[in-house]
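*Asks:* I have a structure I would like to understand better, so I am pasting it below and will then ask my questions one at a time.
The values are calculated or read from the model by the stated rules, or taken from the named source; none is laboratory data. Worth saying up front: this structure is predicted, and the values here are computed from it rather than measured. Note: ideal-geometry Cβ built from the backbone for every residue, glycine included; neighbour counts use all protein chains shown. Ligands, DNA and RNA are stripped out before the accessible areas are found, and what is left, the full protein with its side chains, is counted by its heavy atoms. Shrake-Rupley method; radii C 1.70, N 1.55, O 1.52, S 1.80 Å.
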Amino acid sequence: MDSIYIYGGNFLRGETKIQGSKNAALPIMAASLLIKGTCVIKNCPRIADVYLMQNLLQELGCSVTWYRNTVTIDATNVIDNAMSGESVRRMRSSVMLLGAMLGRIGEVFMAYPGGCVIGKRPIDLHLTALKKMGVEVIEQEHFFTAKVRKLKAMDYTLPFPSVGATENILLAAVLAEGTTTVRNAAKEPEIEALCGFLKAAGADIEGEGTSTLSIKGVGELREAKYTVPSDRIVAGTYLIAALSSGGSIFLEKAPAEHLGALIKVAGQMGGNITVNEDGVGIDVIRRLKAIPCLRTEVYDGFPTDLQSPMMAAMAVAQGESVLEETIFENRFRIVDELRKMGADIRIEKNKAYVTGKERLVGASVEAEELRGGAALVIAGLGASGKTIIKNRHFIERGYEDICRDFRNLGADINIG
Ligand code: EPZ
């Protein structure tokens, strides 16, 4: 069955290792298309979205092999320029292949990547920027063709610091003629990781981690090896689980430098955080305090991907918390499922008013997307009794083995 079974109410104790970052690995895998040779990507998470990206690369003519968490991609023989609509629609991150394919062969035929329950997920910011680099886009109802003879540099200001649009501009600019300047670029750690990989392959990039990127086009890129950073959202999910359930855990390899906003909030809620060169620990010995106002923001604000997990913790905090979602238009889908477990949550437009209960009650609930599913795991770990979470496959898109990790931390949790 496609479910997770949890017998909740235990404190979390112990330690577990944090996997490589999904949202860094995906654009780096796409970027390997730009190299007429072999790239080695280490610390790559073995998750469904990475396997979907692997399938797309293989459809385009790449060979992909694994050894533990190291994936080797040989893009010498990229021949095709079309990806099947099915593969593309199954994962939005396929849109990152757009910039890479334009840089490699100058033409792409692809379906519009799927939206999902958290929002329409348009790609207008991607296409507008690429058109300024000389790309011609012929749009049909469900598909589009993008082609360019030679990508041209541009000096461009993004209307919104879109992570994906920043990534596509980087992938198109590294081999373009001239120096591209992108202002109001995304500053997420995943952008820095992509720049790190591209620079290891010989790209000439400055400004990563800031909102202004300068990319000087080079003739070609060379074979590269790169290690994916740890996943800040997986680490954040597990820290929030400890906040919610109580206990004392240590997350080996958790990227503290990328978790500043959460660490600050966790302290305000009553968690005692320790950071060292091996990772991040948290001790939670008393009931959580509510947060009067928390809003999601682009990096380095509180991440939207931790909004649903945080809502599950707020559901058992002392007092009323207010959680405002400013990045996606429909990221409160999980509320109805949390209500089945006794959560007291009122939604008004893009704000959730969460009045904490002493404890939630286990129930049968359904995941509808990745981070909402993770929030249900957090709720089940702290709830009394048994929780069954259906549609485990959504959670497996981003978490290598959430049950193994929480069993390492003392939880009674299994797949079923
Ligand atoms: C990336 O998505 C992440 N996915 C998301 O993580 C993350 O939530 C998001 O960045 C924000 O941090 C990957 O990296 C694979 P955006 P992306 O472009 O690139 C709107 C997870 O759970 N927008 O910064 O799609 C968009 O609709 C996932 O791991 C446009 O309007 O995010 C959204 O409201 C979920 N037009 C906002 O901008 C566009 O052309 C942020 O989108 C592009 C985006």
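*Asks:* Under a crude label model (7 Å from the Cα following the beta-carbon direction), how far is Thr355 from Phe143 in nanometres?
*Replies:* With each label point 7 Å from Cα toward Cβ, the separation is 5.4 nm.
*Asks:* Turning to a different aspect of this structure: What is the percent carbon and sulfur in the accessible area of the chain, measuring with a 1.4 Å probe over the protein chains and ignoring ligands? The partial results should precede the final answer.
*Replies:* On the way: 7530 of 15960 Å².
C and S fraction of accessible area: 47 percent.
*Asks:* Rolling a 1.4 angstrom probe over the protein heavy atoms, how many square angstrom per residue are accessible across the chain? List each step's numbers first, then the result.
*Replies:* Details: 15960 Å² over 416 residues.
So the chain comes to 38 Å² accessible per residue, rounded to a whole number.
*Asks:* Sticking with this structure for a sec: Taking Cα centroids, how far is region 148-191 from region 267-344 in Å?
*Replies:* Spelled out, the Cα-based centre of one part sits 32 Å from the other.
*Asks:* Something else about it: Looking only at Ala172, Ala224, Ala374, which one moves most when the chain is put into a Gaussian network model with springs between Cα atoms under 10 Å?
*Replies:* Ala224
*Asks:* Determine how large the accessible area of Arg104 is when every protein chain is in place; take a 1.4 Å probe and give Å² rounded to the nearest 10.
*Replies:* The accessible area of Arg104 comes to roughly 40 Å².
*Asks:* Need one value: the accessible area of His393 in square angstrom, 1.4 angstrom probe, rounded to the nearest 10.
*Replies:* Taking all protein chains as shown, His393 has close to 80 Å².
*Asks:* Now a separate question. Could you tell me which of rounded, prolate or oblate describes the chain, using a ≥ b ≥ c as the square roots of the eigenvalues of the alpha-carbon gyration tensor, with rounded for a/c under 1.5 and, failing that, prolate when a/b is larger than b/c and oblate otherwise? Can you show the working numbers first?
*Replies:* Numbers: a/c = 1.87, a/b = 1.81, b/c = 1.04.
Prolate is the answer for the chain, as a/c is 1.5 or above and a/b outweighs b/c.
*Asks:* Next question, about the same structure. Between the helical axis of 48-59 and the dominant principal axis of the chain, each derived from Cα atoms, what acute angle in degrees is found, rounded to the nearest 10?
*Replies:* Taking Cα atoms only, the helix is inclined about 20 degrees.
*Asks:* Something else: Of the DSSP beta bridges with both residues in the chain, give the percent that are antiparallel, rounding to the nearest 5.
*Replies:* The antiparallel fraction comes to roughly 75 percent.
*Asks:* Which FRET efficiency value, to the nearest 0.05, is calculated for Glu320 and Thr128 with the Förster distance at 41 angstrom and r the Cβ-Cβ distance?
*Replies:* Numbers: r = 41 Å, r/R0 = 1.00.
That gives a FRET efficiency of 0.50.
*Asks:* Sticking with this one: Test of understanding: in a Gaussian network model of the chain with alpha carbons linked when under 10 Å, which of Ile118, Ile138, Ile388 would top the mean-square fluctuation ranking?
*Replies:* In this elastic network of the chain, the residue with the biggest mean-square fluctuation among Ile118, Ile138, Ile388 is Ile138.
*Asks:* Given axes a ≥ b ≥ c from the Cα gyration tensor, I'd like to know whether region 22-217 is rounded (a/c under 1.5), prolate (a/b larger than b/c) or oblate.
*Replies:* Judged from the Cα gyration tensor, region 22-217 comes out rounded (a/c under 1.5).
*Asks:* Rounded, prolate or oblate: which fits region 145-206 when a ≥ b ≥ c are the square roots of the eigenvalues of the alpha-carbon gyration tensor, with rounded for a/c under 1.5 and prolate only if a/b beats b/c? Please list the in-between numbers first.
*Replies:* On the way: a/c = 1.59, a/b = 1.13, b/c = 1.41.
It is oblate, given that a/c is not under 1.5 and a/b is not larger than b/c.
*Asks:* Taking only DSSP H segments of four or more residues, each worth -39500 (n - 2.57), what value at 222 nm results for the chain once the sum is divided by all its residues, to the nearest 500 deg cm²/dmol? Can you show the working numbers first?
*Replies:* Numbers: 14 runs with 131 residues, N = 416.
Mean residue ellipticity, 222 nm, calculated: -9000 deg cm²/dmol.
*Asks:* In what sequence, largest accessible area first, do Asp155, Asp401 appear using a 1.4 Å probe? Don't skip to the answer; put the middle values down first.
*Replies:* Working: Asp155 100, Asp401 55 Å².
Accessible-area ranking of Asp155, Asp401, largest first: Asp155, Asp401.
*Asks:* Here's another thing I want to ask about it. Compute the angle between helix 22-31 and the longest alpha-carbon principal axis of the chain, please, reported from 0 to 90 degrees and rounded to the nearest 10.
*Replies:* 10
*Asks:* A further question follows. Show which lysines lie in cross-link reach of Lys17 when reach means a straight Cα distance below 30 angstrom and same-chain residues fewer than eight apart are skipped.
*Replies:* Lys17 reaches Lys42, Lys187, Lys199, Lys225, Lys253, Lys264, Lys289, Lys386, Lys390.
*Asks:* Tilt of helix 189-200 relative to the longest C-alpha principal axis of the chain, in degrees (0 to 90, nearest 10)?
*Replies:* 40
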